[in-house]
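Q: Let me give you the structure first, and then I'll get to my questions.
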Amino acid sequence: MLGLLGLPNDTTMEGRSFHIIEERIGRIIRELTDETLLENLIEEARLSMENQSDFDTWKRSIDPTIATAPFLPKERYPRINCCSDMAWQQKGSGHTHNSPSGHSLMFGHHTRKPLVYQVKSKLCNYCSAFKKRNPNVDVPPHDCCKNHDGSSNQMEPDSCLELIVSLCDKFECVVNLLCCDDDSSVRAHCRWSNEVFLANNPPGTKLPLVKKKVGKNKGELQERPDKGKLPQQTPEPFFVADPNHRRKQLTGELIAWQKRKWIRSSQ
């Protein structure tokens, strides 16, 4: 492409120069992205809040340029409704979870624009290349992109949890309704633990009951699994199902059922 445009360094750009340029402009692109997402969040909060005075106070409280920002009580934080999903750069058929990176976004209900994002990566090219050349030397300080260990499938619940906490702690926004797919790990991790749930509710409150999904007693009620990782100071969101994901899941099950029926009839 550079050669067709008549630009210099067309033969050496990919090997070395492109990575240098990418490192220089990457920070600027991220800063511009953060500014754009903050504008979207402010617009979403304005449409979600009925009290204009509370909105003006909240907007000033998250402005980093104001030295003495006003204080807004947590019960008057903007309560926004969001939808969340994650995509992987190498997910394959959906049964393999070996993608080295993925990105997660939350979209506002009113604006239908992205509000916050999270990028997860299990690899850093700089770290890998340096370790190959210097196996016994510590990697020097750099803009490392590796921020996840473990399965790629775990990226989605981790990212969703971090986005909910970030909205509350950094931007003073409470996620009221969260529309996501039926991934049980996302819903389990983005709740309080049983201990925190009892601590945040009046004495005598019992743990919520959920149905067993597998086993001999499938369908019976039991106390919800204690897998919540949401901090005590962050309110729990209410989860609603994504109709597109459920439609896709139902279609897959119907196709599988039709194939089994055709196989039986052919036998």
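Q: Kindly indicate whether any position in the range 163-178 is loosely packed, with under 15 Cβ neighbours inside 10 Å and in a loop (DSSP other than H, G, I, E, B).
A: First, pick out the residues of the range 163-178 that are loosely packed, with under 15 Cβ neighbours inside 10 Å: 169-170, 177.
From what is left, the residues that are in a loop (DSSP other than H, G, I, E, B) are 170.
Looking for residues that are loosely packed, with under 15 Cβ neighbours inside 10 Å and in a loop (DSSP other than H, G, I, E, B), one finds at least one in the range 163-178, hence yes.
Q: Further question on the same structure: Give the residue that is nearest to Val186 (Cα to Cα), with candidates limited to residues of the range 135-159 that are touching a residue at least 40 places away in the same chain (Cβ under 8 Å) and small (Gly, Ala, Ser).
A: Ser159
Q: Restrict the check to the range 132-145 and report whether at least one residue is hydrophobic (A, V, I, L, M, F, W, C), open to solvent by less than 90 Å² (accessible area, probe 1.4 Å) and not in a loop (DSSP other than H, G, I, E, B). Even if it seems obvious, please write down each step before you answer.
A: Taking the range 132-145 and keeping what is hydrophobic (A, V, I, L, M, F, W, C), we get 137, 139, 144-145.
Okay, now just the ones that are also open to solvent by less than 90 Å² (accessible area, probe 1.4 Å), so 137, 139, 144-145.
Filter once more, so that each one left must be not in a loop (DSSP other than H, G, I, E, B): none.
For the range 132-145, residues hydrophobic (A, V, I, L, M, F, W, C), open to solvent by less than 90 Å² (accessible area, probe 1.4 Å) and not in a loop (DSSP other than H, G, I, E, B): absent.
Q: List pairs: first residue in the range 41-52 and on the phi < 0 side of the Ramachandran plot and surrounded by 19 or more Cβ atoms within 10 Å (Cβ to Cβ), second residue β-branched (Val, Ile, Thr) and assigned to a loop (DSSP other than H, G, I, E, B) anywhere in the structure, Cβ distance under 8 angstrom, at least six positions apart or on different chains.
A: Short answer, once both residue conditions are applied: Glu44/Thr111.
Q: Let me ask another. Please tell me if Trp257 is in a loop (DSSP other than H, G, I, E, B) and either modelled with pLDDT of 85 or more or of a type outside the set (Asp, Glu) (or both).
A: Numbers: in a loop (DSSP other than H, G, I, E, B): no; either modelled with pLDDT of 85 or more or of a type outside the set (Asp, Glu) (or both): yes.
Spelling it out, it is not the case that Trp257 is in a loop (DSSP other than H, G, I, E, B) and either modelled with pLDDT of 85 or more or of a type outside the set (Asp, Glu) (or both).
This table checks each residue for (1) over 30 Å from Leu250 (Cβ atoms); (2) at pLDDT below 85; (3) over 21 Å from the mean Cα position of the chain (by Cα).
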site: Val139; (1), (2), (3): yes, no, yes
site: His142; (1), (2), (3): yes, yes, yes
site: Gly150; (1), (2), (3): yes, yes, no
site: Leu161; (1), (2), (3): no, no, no
site: Ile164; (1), (2), (3): no, no, no
site: Leu167; (1), (2), (3): yes, no, no
site: Leu178; (1), (2), (3): no, no, no
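Q: Considering only the range 57-80, state which residues are open to solvent by less than 60 Å² (accessible area, probe 1.4 Å), out of contact with any Phe, Trp or Tyr (no Cβ under 9 Å at 6 or more places or on another chain) and modelled with pLDDT of 80 or more.
A: Asp63, Pro73, Ile80
Q: A further question follows. Go through the range 146-162 residue by residue and tally those that are open to solvent by 30 Å² or more (accessible area, probe 1.4 Å) and either assigned to a helix (DSSP H, G or I) or among the small types (Gly, Ala, Ser) (or both).
A: Keep residues of the range 146-162 that are open to solvent by 30 Å² or more (accessible area, probe 1.4 Å), which gives 146-147, 149-151, 153-154, 158, 162.
The next check asks that each one be either assigned to a helix (DSSP H, G or I) or among the small types (Gly, Ala, Ser) (or both); those that pass are 150-151, 153-154, 158, 162.
Qualifying residue count for the region: 6.
Q: Open to solvent by 70 Å² or more (accessible area, probe 1.4 Å) and either within 16 Å of the chain's Cα centre (by Cα) or farther than 27 Å from Cys190 by Cβ (or both): is that true of Asn125 in this structure? Walk me through it before giving the result.
A: Values: open to solvent by 70 Å² or more (accessible area, probe 1.4 Å): yes; either within 16 Å of the chain's Cα centre (by Cα) or farther than 27 Å from Cys190 by Cβ (or both): yes.
Yes; evaluated as a whole, the condition is true for this residue.
Q: Which ones in the range 233-261 are in contact (Cβ under 8 Å) with a residue 24 or more places away in the chain and open to solvent by 100 Å² or more (accessible area, probe 1.4 Å)? Let's see the steps before the verdict.
A: Keep residues of the range 233-261 that are in contact (Cβ under 8 Å) with a residue 24 or more places away in the chain, which gives 233-242, 245-246, 249.
Those that are in contact (Cβ under 8 Å) with a residue 24 or more places away in the chain and open to solvent by 100 Å² or more (accessible area, probe 1.4 Å): Phe238, Arg246.
Q: Right, another one. Whether any residue in the range 215-226 is of a type in the set (Lys, Arg), within 30 Å of the chain's Cα centre (by Cα) and open to solvent by 90 Å² or more (accessible area, probe 1.4 Å) is what I want to check. Step through it out loud before you land on a result.
A: Initial filter on the range 215-226 (of a type in the set (Lys, Arg)): 216, 218, 224.
Filter once more, keeping what is within 30 Å of the chain's Cα centre (by Cα): 224.
When the remaining residues are screened for being open to solvent by 90 Å² or more (accessible area, probe 1.4 Å), the result is none.
Within the range 215-226, not a single residue is of a type in the set (Lys, Arg), within 30 Å of the chain's Cα centre (by Cα) and open to solvent by 90 Å² or more (accessible area, probe 1.4 Å).
Q: Here is a check on your reading of the model: is Ile29 open to solvent by less than 40 Å² (accessible area, probe 1.4 Å) and of a type in the set (Val, Ile, Thr)? Steps first, answer last, please.
A: Details: open to solvent by less than 40 Å² (accessible area, probe 1.4 Å): no; of a type in the set (Val, Ile, Thr): yes.
Taking the combined requirement at face value, the residue does not satisfy it.
Q: Taking the options Ile80, Ile66, Ile29, Ile21, name whichever one is more than 20 Å from the chain's Cα centre (by Cα) and either in contact (Cβ under 8 Å) with a residue 60 or more places away in the chain or farther than 16 Å from Phe171 by Cβ (or both).
A: Working: Ile80 fails: more than 20 Å from the chain's Cα centre (by Cα); Ile66 fails: either in contact (Cβ under 8 Å) with a residue 60 or more places away in the chain or farther than 16 Å from Phe171 by Cβ (or both); Ile29 fails: more than 20 Å from the chain's Cα centre (by Cα).
Only one candidate passes the filter, namely Ile21.
Q: So, one more: Which of the residues that make up the range 179-208 are assigned to a helix (DSSP H, G or I), surrounded by fewer than 16 Cβ atoms within 10 Å (Cβ to Cβ) and of a type in the set (A, V, I, L, M, F, W, C)? Walk me through it before giving the result.
A: First, the residues of the range 179-208 that are assigned to a helix (DSSP H, G or I): 184-189, 194-199.
Narrowing the set further to residues that are surrounded by fewer than 16 Cβ atoms within 10 Å (Cβ to Cβ) leaves 184-185, 195, 198-199.
Result: Leu198, Ala199.
The values are calculated or read from the model by the stated rules, or taken from the named source; none is laboratory data. Quick caveat, the model's predicted, so the values are computed rather than measured. Note: ideal-geometry Cβ built from the backbone for every residue, glycine included; neighbour counts use all protein chains shown. Heavy atoms of the whole protein, side chains included, go into the accessibility calculation; ligands, DNA and RNA do not. Shrake-Rupley method; radii C 1.70, N 1.55, O 1.52, S 1.80 Å.
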